[in-house]
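The values are calculated or read from the model by the stated rules, or taken from the named source; none is laboratory data. Everything numeric in this text was worked out from a predicted model, so none of it was measured. Here Cβ is always computed from backbone atoms with ideal geometry, including for glycine, and neighbour counts include all displayed protein chains. Surface areas here come from the heavy atoms of the whole protein model, side chains and all, with no ligands, DNA or RNA. Shrake-Rupley method; radii C 1.70, N 1.55, O 1.52, S 1.80 Å.
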Amino acid sequence: MWQSIKIANFVIVTTMLLFHGCSIYVSTTSKELKKNRFLVLAMYLSLSDSALGLEFIYHNILVFMNSQGVSFQYQCLIIQHLVGGTIMSSLIQILLICIERLNTTFSTKKEILVIVCSNKGVLLYFILSHCIVLLRFGMATIDGPVPCDPKNTTTTLLLFSHDIPCLFIVVAIISCYSVVVYRMIRSRSFVHGSRMTESQVVKKKAKDIRTRRNAVTLGLIIFVSLVTVLPRSMLVFYYNMGKKSAITATLTLIFNNFLLLLNSVVNPVIYVLRIKKYRQYLRCKCLKNNTVFDMTYSTAVQVRYVERF
């Protein structure tokens with residue numbers, strides 16, 4: 001059963017990497033999208049999710065090798081902990097996207113929020129989440145390696161160092177999102193009640209529309225994150241209460257191999273469905289790359305020809 005689940009997991013991970021590959025390619029080759037901080041942070045989220053996919057692939061290879069050697073057990077254990085660290089890093093990325101959206105609701109961006117969401121901050125949070133992984137791996141291997149078994153991902157150590165912190169991060173995401181929605185509604189009511197020039201009103205409404213669309217997109221991402229994190233956290237808590245059964249082991253397999261990937265698989269799909277410019281660039285870059293190149297080259301030749309005369 002485990003190997004069948006791993007085969008299905010491998011197919012899902014491969015599809016996920018394809019989606020995120022297109023997402024990263026579009027984000028890095030479009031100058032206009034690079035100026036959008038929301039999409040830059042979304043690109044970092046795609047990088048984190050891609051790292052998660054590669055870790056799952058390596059874990060699948062270890063499972064198919066089915067070796068019982070000490071080196072195999074150590075590798076399997078470190079990959080299991082790395083997966084947890086990358087999932088936590090992805091959740092932090094979503095929290096940063098929420099904070100960035102919150103910062104756009106202010107008339108003047110708050111410097112502290114800009115620093116928190118900066119590129120250096122993104123790198124720092126990724127390193128910190130994986131430092132926790134190394135510490136947890138050291139504590140888990142004090143008595144030597146353990147078998148590469150799904151039940152070893154539901155230990156008390158993982159409950160307190162991974163599942164509970166992830167729940168706190170999700171709560172922080174929901175709280176931040178609630179503040180964004182509240183400020184957005186308050187800003188719209190302020191526009192209707194204040195005296196502004198016609199051009200200011202138009203600019204304000206356009207900004208509100210963009211903020212509202214991004215808020216809906218972010219809401220979908222938060223919902224998927226909650227569905228991904230909450231069931232596993234409840235299962236691990238239930239397991240550590242001493243209520244172990246065959247159904248618990250089966251649910252652990254399903255949650256670890258499918259539900260944890262739900263967030264990473266759905267995120268790029270949400271971007272395509274919700275963000276119009278992203279869809280346009282994806283269509284241009286991934287499907288009509290040759291046509292765009294020919295048109296650009298032809299236009300450049302015509303411009304040079306006109307400049308000569």
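Taken along the Cα-to-beta-carbon direction at a fixed 7 Å, the label points for residue 276 and residue 113 span 2.5 nm. Remark: accessible surface ordering of 126, 160 (largest first) is 160, 126, probe radius 1.4 Å.
You can think of it this way: the chain between residue 141 and residue 185 has 10.7 nm of extra reach, that is 0.36 nm per residue less the Cα-Cα gap. Note on segment 1-153: with neighbouring protein chains present and a 1.4 Å probe, carbon and sulfur make up 71 percent of its accessible heavy-atom surface. Which pairs, out of 120/203; 120/204; 35/205; 204/276, put more than 29 Å between their alpha-carbon atoms? Among 120/203; 120/204; 35/205; 204/276, the Cα-Cα distance tops 29 Å for 120/203; 120/204. Please give the length that would be gained between residue 209 and residue 227 if that part of the chain were fully extended, namely 0.36 nm times their separation in residues minus their C-alpha to C-alpha distance (nm, one decimal). Result for the pair: 3.7 nm of gain on full extension. To the nearest whole percent, what portion of all C-alpha pairs in segment 46-96 is separated by more than 14 angstrom? In whole percent, the share of Cα-Cα pairs in segment 46-96 beyond 14 Å is 54.
The listed residues 149, 143, 163, once ranked by accessible area (1.4 Å probe) with the largest placed first, stand as 143, 149, 163. The smallest convex shape that holds all Cα atoms of segment 93-149, its convex hull, gives 88 Å³ per residue.
Set Lys and Arg Cβ to +1 and Asp and Glu Cβ to -1, take the dipole of segment 29-178 about its Cα centre, and tell me which of 80, 165, 106 lies farthest positive. Looking along the dipole axis, the top candidate is 106. Ranking of 6, 205 by solvent-accessible surface, largest first: 205, 6 (1.4 Å probe, protein heavy atoms only, all chains present). On the beta carbon distance between residue 216 and residue 172, with R0 = 25 Å, the FRET formula returns roughly 0.80. In terms of the mean number of neighbouring beta-carbon atoms within 10 Å, the peptides 180-186, 91-97 order highest first as 91-97, 180-186.
Solvent-accessible surface of segment 51-133, averaged per residue with a 1.4 angstrom probe and all protein chains in place: 44 square angstrom. Between residue 8 and residue 246, the modelled label-to-label distance comes to 1.8 nm, taking each label 7 Å out from Cα in the direction of the beta carbon.
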